[in-house]
Structure formats: C-alpha cells, structure tokens
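The values are calculated or read from the model by the stated rules, or taken from the named source; none is laboratory data. Computed from a prediction, not measured in an experiment: that's the story for all the values here. Here the Cβ is made from the backbone with ideal geometry for all residues, glycine too, and neighbour counts use every protein chain on show.
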Amino acid sequence: MGKAGRKPLNNNHMRCIELMVYSDLLKGQIAEELNVRPETITAWQKREDFQEALRAEMNRGFSSMAVKARKKLEQLIDSSNPQVALAASREVLNKAGYQETQKIEQTVREINLEIID
C-alpha cells in the first residue's frame, strides 16, 4: 500500500493520466470513458502519487514533441521563404548556445559644472 495505507495507482489511474496528457477530452468525458464520476478524478488529482505520475507522463510527452519540433526546424531551414529559413536558423543557433551578439549603444553626456565660491 502507498502513503497512509492508500493503494498504489492502478490501471484506471494510469489510463486517466494518459487521457489527460494525450487527448482533448474534458474531465467529464474522461470520467465517462473510465466509468467513474468526475469527482473521482478530482480526488485522484489531489493524490501526490497521481500528481507525480502525471508530471512524469507530461515530461515524456514534451520530450516526444521536442523531437518533432527539432525535425520541423530542420525542414524550415530549407524553406524557400528566406524569412522563414532565417528565423529557423536563428532558433537552431540559439538552442545550440550560439546567442546573437547584442550591441548596446550608450550616449554619454558631458556635464560641465562650475563651482562658484
């Protein structure tokens, strides 16, 4: 058993997490899919172990999306539109740690002070 005698997450919990991360279903629709009440999902969402599993699944999802995003940037670099190709190239270089040089111009004003005794 988990925390304070609580049972560990089961298949229904894990399916709920998958639906929350990868589908466009609302909580009520997920509840219907899992044959539970929406209040049950609300209770699950308050569980620390459920929250941890949800965060882990979201991280896996973002990692998968990052691979797709990198591939899309690679395609955009070869775009026939020069503005798109330049923007994609800049993004890749920035992500690789090659930040654009920033030029800062500073205007210095000379102040003449005359001290009168």
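Identify all residues within the range 17-34 that are among the aliphatic types (A, V, I, L, M) and either loosely packed, with under 13 Cβ neighbours inside 10 Å or in contact with a Phe, Trp or Tyr (Cβ under 6 Å, 6 or more places away or on another chain) (or both); write none if there are none. Spell out how you get there, then give the answer.
Within the range 17-34, the first condition is being among the aliphatic types (A, V, I, L, M), and the residues that meet it are 17, 19-21, 25-26, 30-31, 34.
Answer for the range 17-34, where residues must be among the aliphatic types (A, V, I, L, M) and either loosely packed, with under 13 Cβ neighbours inside 10 Å or in contact with a Phe, Trp or Tyr (Cβ under 6 Å, 6 or more places away or on another chain) (or both): just LEU26.
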Output for the range 1-20, where each listed residue is modelled with pLDDT of 95 or more and in a helix (DSSP H, G or I): ASN11, ASN12, HIS13, MET14, ARG15, CYS16, ILE17, GLU18, LEU19, MET20
GLY97, sole failed condition from (1) part of a helix (DSSP H, G or I); (2) more than 30 Å from LYS7 (Cβ to Cβ): (1)
Conditions (1) touching a helix residue (DSSP H, G or I) at 6+ places or on another chain (Cβ under 6 Å); (2) surrounded by 12 or more Cβ atoms within 10 Å (Cβ to Cβ); (3) at pLDDT 90 or above; (4) not polar (S, T, N, Q): number failed by VAL92: (3)
Where a residue in the range 50-69 is under 22 Å from HIS13 (Cα atoms) and its partner, wherever it lies, is acidic (Asp, Glu) and assigned to a helix (DSSP H, G or I), with Cβ under 7 Å and at least six apart: GLU57/GLU18
Lone qualifier among GLU39, GLU57, GLU32 - being out of contact with any Pro (no Cβ under 6 Å at 6 or more places or on another chain), closer than 30 Å to VAL92 by Cβ and in a helix (DSSP H, G or I): GLU57
